[in-house]
Structure formats: structure tokens, C-alpha cells
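The values are calculated or read from the model by the stated rules, or taken from the named source; none is laboratory data. The model shown is predicted, which means the values in this text are computed figures rather than measured ones. Note: ideal-geometry Cβ built from the backbone for every residue, glycine included; neighbour counts use all protein chains shown. Each accessible area value is taken on the protein alone, full model and side chains, heavy atoms only, with ligands, DNA and RNA left out. Shrake-Rupley method; radii C 1.70, N 1.55, O 1.52, S 1.80 Å.
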Amino acid sequence: VAVLSTGLLFAEGLERTSRSLLEAGPSLVLRRLGPGGWAPMPAGALGKAKAVRGVTRGEVRIWGTVRWKTRAVTVVGASNAQRYSSGAASKGSLPASVGPGLGLKVGDFFTLQGAARQTLRVAAVLPADQGLVAHDIVEVAPKAARRLLGLPPGASSDLALWVFHDSEMTAIRPDLAAALSFPVSISTRQESLAAQRAEIAQRAGLKTLL
């Protein structure tokens, strides 16, 4: 009974998270492709993508997986860097906001290992009502996120774009691909949502619920 209840609670949380992502998520996500698969998105790519007719808004996104103790966590470069730049470094650490799944509290110190090793201090714990997507997240300033993820200055993990009408999401793909000088994969909101749902479920060890 306990296992079933846990599964049902997870399914409900996944559904709430999915609805939230669908409403707030970008129309399209662009990822650069290299010989080995994913490659960093270079600085300047956002300007070219935003110049394509039909794009109403665009953002760079900095995120990826690093190690904390024996588990993987998701590092995100916060879009509002001021939130972290105002906090003074303490004992060689940098401020961060963390998801409730890490079990840390404000003032705790912890160390992440990615392309670099970085000690962080918990400045805030993200509210549980942000959904499962924030469960094991670590938000830091973009510069710190790039260092942890091994991204060059100005580079990003991918691009998030918005279009005026959802019906334009598929039609605009060829124009976006032509605007950039390197291969890209372009996912619609629904495609990105399906992939994120599967990732959240897999991290929770309940993939069969999908």
C-alpha cells in the first residue's frame, strides 16, 4: 500500500510539474550538435536566432549535471544573477539556491564536482511547490555554472525561444536552422516536455508510471 501511495503521489506531482512546464516553457529549444552529440552553444547564436521572423523572445540557458557526493544534481545558471552577486563569498564558497530534495538548509556548505570543483553555501531553499523539476536543482550565478559545466565564457547549454503562435513552432524550424552556421536539433514545447517528464521519472526510479 505504501509503495502504491508513493507512486500515486509521484504521478500527481509529475502531472502538476508537467502542466507548469507546459505553461511557462519556451516554444522551441535549440541545441548545438557536434561530432560527439551535444556541443556548447556559442556566444552570438542567440542574436541570430532572435533575428528570425516569428521569434518574439529568446534566452540562453546554462544547465547540466554534476556530482554531489554519490549522486547527480542539476546545476542551473540563474537568469537573475543579481540574486547571487549581492552575496559575499564565505570561506571560498559561492551562494546558491537548492531544491528541497538535497536535504540542505540555509547556511550549509556543500561541494559540487563537475568540470571544476566548487564549494557553495546555501543562500535559499527553493519551495517545494515549484514541482519535481526543482527537486534536486542547484541554482548559481551564470559564471559559476559555466565553470562547473566546463562552458567557455559567453557559451550556453542551449537556447530557449518563444513564437507568437504555437502553430508556427514547426514551420519556423528550417529558418532557424538556416540562420545558424552549425547543425542544431530543434525541439517543440511538447517534445521538450515529454523528454523532461521521462527524465524526472527516471531520476525518481519510477519510469514505469509514464
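Observations
- Matching entry among 149, 120, 161 (being closer than 19 Å to residue 37 by Cβ and buried (at least 18 other Cβ atoms within 10 Å of the Cβ)): 149
- When restricted to residues that are assigned to a loop (DSSP other than H, G, I, E, B) and at pLDDT below 90, the stretch 49-108 contains 10.
- Qualifying residue in the stretch 166-182 (condition: touching a helix residue (DSSP H, G or I) at 6+ places or on another chain (Cβ under 8 Å), of a type outside the set (Phe, Trp, Tyr), closer than 17 Å to residue 26 by Cα and surrounded by 14 or more Cβ atoms within 10 Å (Cβ to Cβ)): yes
- Count of residues meeting criterion [modelled with pLDDT of 95 or more and open to solvent by 30 Å² or more (accessible area, probe 1.4 Å)] in the stretch 4-30: 0
- Counted residues, the stretch 161-210 - those being in a loop (DSSP other than H, G, I, E, B), among the aliphatic types (A, V, I, L, M) and at pLDDT below 85: 3
- Residue that is most open to solvent (accessible area, probe 1.4 Å) [pool: residues in the stretch 32-46 that are part of a strand (DSSP E or B) and at pLDDT below 95]: 38
- Unmet criterion (only one of (1) more than 30 Å from residue 56 (Cβ to Cβ); (2) open to solvent by 30 Å² or more (accessible area, probe 1.4 Å)) for residue 129: (1)
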